[in-house]
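Below is one structure, written out as structure tokens; the observations come after it.
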Amino acid sequence: MKVKVVIFDWDGTLVDSVEHIAESLHQAATELGYPQLEREAYRDIIGLGMVEALEKLYPGISRDEMNAIREGYGRYFFSKVTSPQNVFKGMADVVTDLRTSGRGCSVATGKSRRGLDMALVSSGLGKHFDITRCADETRSKPDPAMLEEIVRFYGIDPSEAVMIGDTRYDLDMAQRLGMPSIGVEWGVHKRDVLEDYSPHAVVNSVADLRRVLGL
């Protein structure tokens, strides 16, 4: 696949953090008296900004209630630091090899800027990315604002980049902008969901991803 820029989602794509996010949301909400939801409900909103995620989980939630859950979530989530061992095996090499091949690399994530900045350092991946965009500084996926800002940074057309992600929100965002996408099956959503958004490919291994990217 010949593109100039590769844009990665973070949680569930580069970093194995899906279950930790789901558990942190579960703990934060239930300790405040919210009903326990199925684990799949917490997993399904991963990729959205926190405001949008909580509105989907708990329709009608007030801003004060939302802030209380967010505070609890931060306490649980940040009790565990993202380390190089949390990066999916082989993905650090994918990013390194993309840079060596002369392609730009960036991140578009539903994480907060605070959360991503911490993870970029502690995971060891931060040095590889030219630009990173977060939901709390643009708009939540699937709005394509993050991708628009990234392609503007590089001065390229959306067709010259590819979005790689594990959720429907990643691929929906790319489709709305006319950007090719690649779905990965090791995160939140599986092939049957990802294929609804006409991705260039859906892969179930890092070796598959390398093949599609021409590495």
Cut-off 11 Å between beta-carbons: net charge of the residues surrounding Asp136, Lys and Arg +1, Asp and Glu -1: +4
Whether the stretch 1-125 is rounded, prolate or oblate, judged on the alpha carbon gyration tensor where a/c under 1.5 counts as rounded: prolate
Farthest toward positive dipole pole in the chain [+1 Lys/Arg, -1 Asp/Glu at C-beta], among Gly90, His200, Met66: Gly90
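Report, in debye and to the nearest 20, how large the dipole of the stretch 1-87 comes out about its Cα centre when Lys and Arg carry +1 and Asp and Glu carry -1 on their Cβ.
Computed about the Cα centre, the dipole is about 380 debye.
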Inter-centroid distance (Cα atoms) of the stretch 146-214 relative to the stretch 75-103, Å: 17
Heavy-atom SASA rank of Leu32, Leu57 (probe 1.4 Å, accessible area, largest first): Leu32, Leu57
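Rounded to the nearest 5, what % of DSSP beta bridges with both residues in the chain are antiparallel?
Numbers: 1 of 21 bridges.
The antiparallel fraction comes to roughly 5 percent.
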For the stretch 1-147, size of Cβ-based charge dipole, Lys and Arg +1, Asp and Glu -1, in debye: 620
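By how many nm would the segment from Glu137 to Val121 grow when fully extended, if each residue of separation counts as 0.36 nm and the alpha-carbon distance is taken off?
Value of the extension gain: 3.8 nm.
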Cα gyration tensor shape of the stretch 87-207, rounded if a/c is under 1.5, else prolate or oblate by comparing a/b with b/c: rounded
Residue with peak Gaussian network fluctuation, the chain [Cα springs, cutoff 10 Å], from Thr82, Thr167, Thr100: Thr100
Which label in [x] 1.11; [y] 1.02; [z] 0.98 gives the computed Cα Rg over 2.2 N^0.38 Å: [z]
Solvent-accessible area of Arg99 with every protein chain in place, 1.4 Å probe, in Å² to the nearest 10: 80
Simple Cβ-charge dipole of the stretch 112-215, Lys/Arg +1 and Asp/Glu -1, about Cα centre, in debye nearest 20: 240
Percent accessible area from carbon and sulfur atoms, the stretch 1-140, protein chains only, probe 1.4 Å: 49
Mean residue ellipticity (222 nm) of the chain, computed from DSSP H runs ≥ 4 via -39,500 (n - 2.57), nearest 500: -12500 deg cm²/dmol
Accessible area per residue, Å², the stretch 61-215 with all protein chains present, probe 1.4 Å: 45
Principal-axis tilt of helix 168-177 within the chain, Cα atoms, nearest 10 degrees: 50
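The values are calculated or read from the model by the stated rules, or taken from the named source; none is laboratory data. Please read these numbers as outputs of a predicted model, since none were measured by experiment. Don't worry about glycine lacking a Cβ; one is built from the backbone with ideal geometry, like all the others, and counts go over all protein chains shown. Ligands, DNA and RNA are stripped out before the accessible areas are found, and what is left, the full protein with its side chains, is counted by its heavy atoms. Shrake-Rupley method; radii C 1.70, N 1.55, O 1.52, S 1.80 Å.
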